[in-house]
Amino acid sequence: MSVRELVGWGRFPRVMAEERVSEDLAAATHEVNLTRGLGRSYGDSSLPGRAGDVVARTTAADRILFFDEKNGILRAEAGFSLQELVRVFLPRGWFTPVSPGTQFVTLGGMVASDIHGKNHHVAGCFGEHVRALKMRVPDGRILEVTEESEPDLFRATIGGMGLTGHILEVEFQLEAVPSPWIWGESERVANLEELLDKQSAASEEWPFTVSWVDTVARGRGLGRGIVMKGRWATSDEAPQGPPKIGRSFSVPFDFPSWALAPWSMRIFNHLYFWKHLPRRKRGIVHPQKFFYPLDIVQHWNRVYGSRGFVQYQCVLPQGTPRSVHHRFFEALSQGEVGSFLSVVKDCGEEGKGLLSFPKAGVSVALDIPMRGRATQELVDTLNEIVVDAGGRIYLAKDSLTRENHFRAMETRLPMFAEVRNAWDPELRLMSAQSARLFGDRETEAGS
Ligand SMILES: Cc1cc2nc3c(=O)[nH]c(=O)nc-3n(C[C@H](O)[C@H](O)[C@H](O)COP(=O)(O)OP(=O)(O)OC[C@H]3O[C@@H](n4cnc5c(N)ncnc54)[C@H](O)[C@@H]3O)c2cc1C
């Protein structure tokens, strides 16, 4: 056990806490207050909620326990990483049914955040593919939890951000793929209207879709960007041999804050947009480049300097008038702080997780440098638009949402609280995020 500074990927906020790491996850989670994986959630969901709370890290518990190679059912410890899954299983014709935009995540984190991917409109969230969990529940017992054995706990744990128990093992269904390569197409589009139309049309035909938006462009170019779509290449289309693992680079130090001025954001967004020449591209794409383009640069979060950054992700529900989408992007392009990287994606129907993020509509994810009051004000403004539209934010990304905004957008909270209370009446499990958003701070608790 060691006391160290714990952070999420956004490096804001930072907390000093005791962290336990052991190959024996059952032992490591005994009487701890939260479990975390690789810390790739951006905000404070993997940070402890109270002074003196202890956190378990799962990364040393990363064994494959069972694989049914006929049906693609995999059971592994919660610290097993997606990077390992891709390395071991993709060359054998299997892939995760749902992937986030980085492979540096653990199975436990994928379940607790109920991650979604570029195929949400056809495959739903990761939780839809989970068959069973082994958990240490807050009273200390270790249970096998399935939708049949403990339906409420199962559904609350999927997307429950680690607040219902410690996930020790995950059993889930892999997807069989015809080749390890992707056939991709991408297209530059001139404005928000065209982007939303083309993305929605692409989602009718393609299993993977996502768009990049230039959030600095204004006027007629507001919302211009690149719409990307893909599918697994057939064995006829795919190159001979498996894709080679590419070299990665590292950002060696924190960038100074002047490097993130509005002018550098404008240049970055402008270059990214015009780099896409010709207007349309198609062909075979390396799976790493398609699914994990940012993973090639290790420690890329240092680009945001020592103050860190926040990622903000929300979904604006289906039927939201286009004028609201415009208002959202206008607020971004007019604010004192902007966003370097902005990703838009169509979401399919809501899944089984009681607090899972996606619901049918358009999701927008933004990286915003941490600039104190200005960043908080921008998040407040965006949240007001989201509340009015009946949307919600993604907890795995959040660090600045206010409790009143969260309660206004999260109508499922009382249902989740009821299940959590039944399993953890003393609130032994808590995170900095649940203290900020769920009102946990008022409770005298602890293990
Ligand atoms: C570059 C990048 C791209 C991303 N793209 C996407 C994306 O496309 N879609 C998406 O959905 N997410 C995305 N994410 C977010 C990421 O997938 C999630 O935050 C994921 O949960 C991180 O996994 P982790 O192992 O790092 O978990 P952590 O960040 O360590 O923890 C995340 C949450 O899970 C809980 N948790 C972790 N392990 C356990 C366990 N064993 N038992 C109980 N609770 C546990 C923690 O308490 C915390 O609440 C992205 C993140 C990055 C950095």
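Each value in this text was obtained by applying a stated rule to the coordinates, not by laboratory testing. No experiment lies behind these values; they were computed from the predicted model shown. As a convention, Cβ positions derive from the backbone with ideal geometry for all residues, glycine included, and neighbour counts pool all protein chains shown.
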Correct semi-axes for the stretch 338-447, from √(5λ) of the alpha-carbon gyration tensor and rounded to whole Å with the largest first, are 26, 19, 12
Structure-based [θ]222 nm, the chain - -39500 (n - 2.57) summed over DSSP H runs of at least 4, per residue, nearest 500:
-7500 deg cm²/dmol
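Would you order M135, M265, M415, M370 from fewest to most other beta-carbon atoms within 10 Å of each residue's own beta-carbon?
In increasing order of surrounding Cβ atoms, one gets M415, M265, M370, M135.
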Charge dipole magnitude, Cβ of K and R +1, D and E -1 - the stretch 182-407, Cα centre, debye nearest 20
580 debye
The stretch 283-347-the stretch 366-423 distance, computed between alpha-carbon centres (Å)
17 Å
Which whole number in µm²/s is D for the stretch 196-288 by Stokes-Einstein, with the Kirkwood Rh taken over Cα pairs at 37 °C and 0.692 mPa s?
199 µm²/s
Phi-derived 3J(HN,Hα) across the stretch 36-44 with the Karplus relation (6.51, -1.76, 1.60, θ = phi - 60°), rounded Hz, x for Gly and Pro, is 9, x, 8, x, 8, 5, 7, x, 10
For the stretch 64-176, fraction of C-alpha pairs farther apart than 21 Å, in %
30 percent
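Could you state the orientation-averaged shadow area of the convex hull built on the Cα atoms of the chain, in nm² to one decimal?
20.1 nm²
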Do any chymotrypsin sites (Phe, Trp or Tyr not before Pro) in the stretch 217-284 lie in a loop, going by DSSP, with at most 15 other beta-carbon atoms within 10 Å of their beta carbon, and if so which?
F253
Return a whole-number percent for the relative contact order of the stretch 205-305, with Cα pairs under 8 Å and 6 or more residues apart as the contact set.
34 percent
Residue-by-residue Karplus 3J(HN,Hα) for the stretch 102-111, coefficients 6.51, -1.76, 1.60, Hz, glycine and proline x:
9, 9, 8, 10, 9, 4, x, x, 5, 6
Sticking to Cα atoms, compute the Rg of the stretch 118-212 to one decimal and its Dmax as the biggest Cα-Cα distance, whole number, in Å.
18.7, 56
Most exposed to least, judged by fewest other Cβ atoms within 10 Å, H121, H326 sort to H326, H121
Cα shape, the stretch 232-390, gyration tensor, a/c 1.5 rule:
oblate
Looking at the chain, which longest stretch skips every one of the trypsin sites (Lys or Arg not before Pro) that is in a DSSP loop with at most 16 other Cβ atoms within 10 Å, leaving the sites themselves out?
308-401
Give me the dipole magnitude in Debye, nearest 20, for the chain about the Cα centre, with unit charges on the beta carbon: positive for Lys and Arg, negative for Asp and Glu.
1740 debye
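Given the stretch 245-319, what whole percent of its Cα pairs are spread farther than 19 Å?
59 percent
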Residue among P256, N404, L195 farthest towards the positive dipole end of the stretch 182-407, charges placed on Cβ
P256
For each pair in K118/K281; K118/K198; K281/K345; K70/K229; K229/K275; K229/K397, compute the distance between the two Cα atoms and list the pairs where it is over 27 Å.
K70/K229
Computed over the stretch 343-447, the relative contact order (Cα-Cα under 8 Å, seq sep at least six) in percent reads 20 percent
Dipole check, the chain, charges on Cβ (K,R +1; D,E -1), about Cα centroid: among V362, F95, F268 the Cα furthest to the positive pole belongs to F268
Just want to confirm a number: the relative contact order over the chain, from Cα pairs under 8 angstrom separated by 6+ residues, in percent.
19 percent
